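What follows is a single structure, written as structure tokens, with notes after it.
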Amino acid sequence: MPIITGTKLIGNVSLQNLDKENAYNESDVELLETLVNSLSIAIENTRLFEETKQQANQMSIVNSVSQAMTSNLDLETLFKRIGDNLQELFRADIVYIAMIDKVTNIISFPYQYGDDMAPMKYGEGLTSKIIETKESRLINKDVQLRNDKLGIKRIGIEATSYLGVPVFYNDEVLGVLSVQSTKEVGRFSDSDTHLLETIAANVGIAIHNAWLFEDAEKARAQAEQASEAKSTFLSTVSHELRTPLTSVIGFAKIIKEKLEERVLPFVVSDEKKTKRAKVQVIQNLDIVISEGERLTTLINTVLDLVKIEAGRLDWNMQELSISTVINQATDATSSLFEQKSLPLHVEIEQNLPKILGDNDRLIQVMINLISNAVKFTDEGDITIKVMSKDGSIQISVKDSGIGIAKTDQDNVFEKFKQVGDTLTDKPKGTGLGLPICKEIVEYHGGKIWVDSELDKGSTFIFDLPIDDPKKASRQRSAEEANTQSETKNNGQKTILIVDDEPEIRNLLRQEISEFGYIIKEVEDGKQAVESVRTHQPDLVILDVMMPEINGFDVAAILKSDPKTKDMPIIVLSIVDDKQRVSNLGIDAYLTKPIDIKKLMKEIEKLIGKDAQIGA
Amino acid sequence: MEDLKLLIVDDEPHIRMLLEQTLEDLEDEDVEILVATNGQEAFDIISKEKPQLVFLDVMMPKMNGFEVCEKVKKELNMEKLHIVLLTAKGQDADREKGLNAGANEYMTKPFDPGTIKNRAMTILGLA
């Protein structure tokens, strides 16, 4: 009796009796029919169950392949994952992934299992045929015979069953996935072909993504390299420009000094031209020196801009009073106003809160804006206004100069762009001042803009965000502490001078005590720490290179102790280590040789009568 | 008292001249001024003449300023030697490197002759 599942004959059941004729009757036939029917249903069920199980298994592997493909952007790992999964899924003796390079026409095998093929020329082997025809190939027996008929050369180990499918991205064939058996004939089915094609479609997308990722990585690395090259170039250019400048400025200064001290006093003549020449040579040398210094500033400006852009500028962010910044900037630019006889008005709102900023850089912004205002103004006046507005401090510099046309206003903050016609209007300056201002203001979290009308003048405005309230309360408690210490010496404040050189201590004592401060001195770091703890001075002036404990270590000890952390420290050093100074929270630092005027300014700023923040 | 000596090191002839003229008045104080045109020569002079002060350029052929500092620190036991590096601004990382290599301080080019002279006087104890 036949066993049939669906329409397919899958076997026979036969009953035979060797002893008796007519051993079976109709009812036996019916019984057997019923049994065979049940048997075929059971077989079909088992087959369906196996098939479902296998499908589930395949689905899970396909899933894992897809996952590997989406999560792996590195090609090498990607190929390895895909290959290993194919091997597991198809239980294949040979698995390979072939990729074609369309430029060189070379097929390479980034993944091979069970075989070891060298890269080959496109045109050889079954792989080339699949790439050429863009069609899958399933060969379940006589693999070589068929290949021979098609004129395909055998590459690698001979297979008994071969399945290969093209890997596409859009319509382009990128390569081939192949699974093979070396032992079994008829190993792969049409459904295997379908499954491998499904996987290949995903592989195509994954490879394309990995390529995109690789390209992006390459572009990023190139950009980094370019930026590095730019920095090196600028560093070299800086060096090459400075060397001649050093000679120009240096020799001009020496010549001037020698002329003034050794030569000109001995040129005694009443002759008019000689008298005039004596004045002129000195004037001319002054021009050489000041122009040389102008060039130096320009080089520094360009370097600053590059460094800001590359994120390599050292910032010294600290709590500061904007009015001090304004005062320092107006001091530095006072000669410009005198030269042009322009009046300057400064209006600063009372009781402005402190902000977090880089003092020197903000002064740089103000100097730039003020110099521009003076440069483009021939008559009228210049007004600086500072006020708080919407959680920020707003600073404006207004002039009554030539103004900027509406169309040019966007360009003024662009690098190397100067407004106006550069053929008729001689460019004044570098065109880098405002772009640097913009970078500095933006680093502080503020913004800068211009409001201007041609022939009526310009107002440059920038704002700087005010610190969080926590900082404000810290300032208040510091101020209270300051008031207390102020009362303990009848209003006189104490300054501790720490320096191992007695001459320097002498000099500082003489100069500073003139301003009504009480001076204490120690000669090394160890004594400094002890003295601060015992006497609680209002301010410490600290040398860096000293025996026992160096100045930076003293500062670190004082700044980490809650009792002394708010005590202002001024470092006087020959070592220009801004980064370290800022990391340690040192309040001010000045380089030696000592500039007493600057030092007194810092002291006044930190603990003087007008200081908003004291000990 | 030991003889005072200072060494000028720069491969640029003009800068050497400038430093020599800047520091020439120190000869009145019996300071001997020595000159080297590259790093190797500088090292040789330092080990032979034992100067108290060196003004040392960084970018030089043969042996750069950092290498000179390191070699001096490693091979010569000269606690009293004071090295002033002459660097270009824009090379901050290099400056740190120089100080780590054993230089005592640095000055940026273009430098001011007056400042260089004052520093030399102070370091040599003549100020």
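The values are calculated or read from the model by the stated rules, or taken from the named source; none is laboratory data. Bear in mind the structure is a predicted one, so any value in this text is a computation, not a measurement. Note that we place each Cβ from the backbone using ideal geometry, even for glycine, and neighbour counts take in every protein chain shown. Each accessible area value is taken on the protein alone, full model and side chains, heavy atoms only, with ligands, DNA and RNA left out. Shrake-Rupley method; radii C 1.70, N 1.55, O 1.52, S 1.80 Å.
Points worth noting:
- For the protein assembly as shown, a simple Cβ point-charge model (Lys and Arg +1, Asp and Glu -1, everything else neutral) yields a dipole of about 860 debye relative to the Cα centre.
- Bridge type composition, the protein assembly as shown - antiparallel percent by DSSP, nearest 5: 55 percent
- Of B:Asn104, B:Asn38, B:Asn77, the one that fluctuates the most in a GNM where chain B has Cα springs shorter than 10 Å: B:Asn77
- Virtual spin-label span in nm between B:Glu49 and A:Glu158, 7 Å along Cα→Cβ: 8.7 nm
- Counted charge near A:Phe168, where neighbours are those whose Cβ lies closer than 12 Å (Asp, Glu -1; Lys, Arg +1): -3
- A Cβ-based charge dipole, computed about the Cα centre of region B:4-123 with Lys and Arg at +1 and Asp and Glu at -1, lands at about 460 debye.
- The lysines whose alpha-carbon is closer than 30 Å to the alpha-carbon of A:Lys53, local same-chain residues fewer than 8 away aside, are A:Lys8, A:Lys80, A:Lys141, A:Lys183.
- Calculated P(r) tail over 46 Å for the protein assembly as shown, as whole % of Cα pairs: 51 percent
- The modelled label-to-label distance between A:Phe233 and A:Lys273, using points 7 Å beyond Cα along the C-beta direction, is 5.1 nm.
- When the Cα positions of B:Val54, B:Leu26, B:Cys69 are compared along the charge dipole of region B:4-123, B:Cys69 comes out farthest toward the positive end, with charges on each C-beta of Lys, Arg, Asp and Glu.
- Packing-based ranking, highest mean first, of A:372-381, A:319-328 given that Cβ atoms within 10 Å are counted: A:319-328, A:372-381
- Expected 222 nm ellipticity per residue - DSSP helices of 4 or more, -39500 (n - 2.57), all of chain A, to 500: -17000 deg cm²/dmol
- Accessible solvent surface per residue of region A:124-272, calculated while the other protein chains remain in place, 1.4 angstrom probe, Å²: 55 Å²
- Exceeding the 20 Å Cα-Cα cut-off - candidates A:Lys354/A:Lys605; B:Lys74/B:Lys97; A:Lys563/A:Lys605; A:Lys375/A:Lys597; A:Lys275/A:Lys340: A:Lys563/A:Lys605; A:Lys375/A:Lys597; A:Lys275/A:Lys340
- Here the label points at A:Ser290 and B:Leu76, each 7 Å from Cα along the C-beta direction, are separated by 4.4 nm in the simple model.
- Chain B - mean residue ellipticity at 222 nm from DSSP helices (-39,500 (n - 2.57) per run, n ≥ 4, rounded to 500): -13000 deg cm²/dmol
- Calculated FRET efficiency for the pair A:Thr407/A:His345, C-beta based, R₀ 41 Å, to 0.05: 0.85
- Sites A:Thr52 and A:Asp171 - FRET efficiency at Förster radius 35 Å, r taken between beta-carbons, to 0.05: 0.50
- Estimated from the Cβ-Cβ distance and a Förster radius of 22 angstrom, the FRET efficiency linking A:Tyr24 and A:Ile4 is about 0.60.
- Here region A:199-241 is described by how far its Cα atoms reach on the three principal axes: 62, 6, 6 Å, from widest to narrowest.
- The equivalent ellipsoid of chain B has semi-axes of 20, 17, 14 Å, largest first, where each one is the square root of 5 times an eigenvalue of the Cα gyration tensor.
- Listed residues A:Thr333, A:Ile436, A:Gln222: farthest to the positive end of the dipole of chain A (Cβ charges): A:Thr333
- Lys/Arg +1, Asp/Glu -1 at C-beta; the protein assembly as shown dipole; positive extreme among A:Phe213, B:Val9, A:Ser321: A:Ser321
- Shape analysis of region A:514-611 places it in the rounded category; the axes a ≥ b ≥ c from the Cα gyration tensor give an a/c below 1.5.
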